[in-house]
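Have a look at the structure below, then the notes.
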Amino acid sequence: MSTVAAIFDMDGLLIDSEPFWAKAERKVFSSMGVELSDPLCRETATMTTRDVTEFWYQRFPWKRKSIEDVENDVIDCVDELIRKHGVPMPGAKQIIDSFCSRNYKVGLSTNSPYRLINTVLEKLDIAQCFDGISSSEHMEHGKPHPAVYFSTLQKLGVTAKHCIAFEDSVSGMKAAKAAGIKTIVVPPTYDFDNPDYSLADKKWRSLYEFMKETL
């Protein structure tokens, strides 16, 4: 039996939302007295929103709002930015449409909060293509733990060996591989030569490369 399903990450792979997260976090956390630095921000880049919020609270504890309220402020800000300025990553709509038209089951496994998923999929006009969606918000552990991938596999009703995953980060790639899924990684340009990506089965410059591949 050949591959029958594909599971995608979301932020940085399907939509160019990473700058929105950076902007929202700087705006919200700075307003709470957090002194953000580029090295520490890089540490939080692939964490769940709750983990990021707790990361900064531990270093710069604030008093005016709960951790949950500050986390929601960040999510609200990202949601607004996506609605106003969100654009697909190169090849994202085309590859989703291709899998959908070939009757693949299509899934999503993301560290992003669940309520942002609909915002993104509707913004990109691809919501109708997805058969199973999972957020690490509902898991005990986010990526690089494979829980969010196991969840999506179960929702799609497929096994890991009949699935392929698409990721853009090292932590996401590790999560997919830990779930036993063949993984194609599409790193950001600045991180393309990172040797950690050697764990992936293939590495692409953009999702447009699916047009010349036999998956």
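Tabulated values for the structure
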read-out	value
Residue list for segment 23-48, restricted to those being at pLDDT 90 or above and under 28 Å from residue 126 (Cα atoms)	23, 24, 25
Members of segment 145-191 found to be of a type in the set (Phe, Trp, Tyr) and assigned to a helix (DSSP H, G or I), listed by number	149, 150, 190
Looking only at segment 1-50, and only at residues there that are surrounded by 22 or more Cβ atoms within 10 Å (Cβ to Cβ) and more than 17 Å from the chain's Cα centre (by Cα), the one that is nearest to residue 177 (Cα to Cα)	5
Lone qualifier among 51, 69, 73 - being within 16 Å of residue 143 (Cα to Cα) and among the charged types (D, E, K, R)	51
Residues being part of a loop (DSSP other than H, G, I, E, B), touching a residue at least 40 places away in the same chain (Cβ under 8 Å) and either of a type in the set (S, T, N, Q) or surrounded by 21 or more Cβ atoms within 10 Å (Cβ to Cβ) (or both) - total across segment 90-112	3
When residues of segment 192-215 are limited to those that are of a type in the set (Phe, Trp, Tyr) and outside any helix (DSSP H, G or I), the one surrounded by the most Cβ atoms within 10 Å (Cβ to Cβ)	204
Per-region count, segment 56-99, residues assigned by TED's automatic domain parsing to the domain that holds residue 121, closer than 27 Å to residue 145 by Cα and over 17 Å from the mean Cα position of the chain (by Cα)	1
Unique residue being aromatic (Phe, Trp, Tyr) and closer than 30 Å to residue 211 by Cβ when the list is 57, 114, 104	104
Single unsatisfied condition, residue 9 versus (1) under 30 Å from residue 159 (Cα atoms); (2) in contact with a Cys (Cβ under 6 Å, 6 or more places away or on another chain)	(2)
From the options 140, 80, residue that is assigned to a helix (DSSP H, G or I) and acidic (Asp, Glu)	80
Check on residue 46, of a type in the set (Val, Ile, Thr) and assigned to a helix (DSSP H, G or I)	no
Scan of segment 114-142 for residues that are over 27 Å from residue 102 (Cβ atoms) and under 13 Å from the mean Cα position of the chain (by Cα), ordered by number	114, 116, 136, 137, 142
Among (1) surrounded by fewer than 17 Cβ atoms within 10 Å (Cβ to Cβ); (2) touching a Lys or Arg at 6+ places or on another chain (Cβ under 9 Å); (3) among the small types (Gly, Ala, Ser) - the single one residue 127 does not satisfy	(2)
Residue in segment 136-143 that is surrounded by fewer than 21 Cβ atoms within 10 Å (Cβ to Cβ) and among the charged types (D, E, K, R) present	yes
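Here is a yes/no grid of residues against (1) outside any helix (DSSP H, G or I); (2) in contact (Cβ under 8 Å) with a residue 40 or more places away in the chain; (3) not polar (S, T, N, Q):
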site: 23; (1), (2), (3): no, yes, yes
site: 27; (1), (2), (3): no, yes, yes
site: 35; (1), (2), (3): yes, no, yes
site: 51; (1), (2), (3): no, yes, yes
site: 54; (1), (2), (3): no, no, yes
site: 57; (1), (2), (3): no, no, yes
site: 64; (1), (2), (3): yes, no, yes
site: 74; (1), (2), (3): no, yes, yes
site: 84; (1), (2), (3): no, no, yes
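The values are calculated or read from the model by the stated rules, or taken from the named source; none is laboratory data. Everything numeric here is computed off the predicted structure, so don't read it as measured data. Every residue, glycine among them, receives a Cβ derived from its backbone with ideal geometry; neighbour counts consider all protein chains shown.
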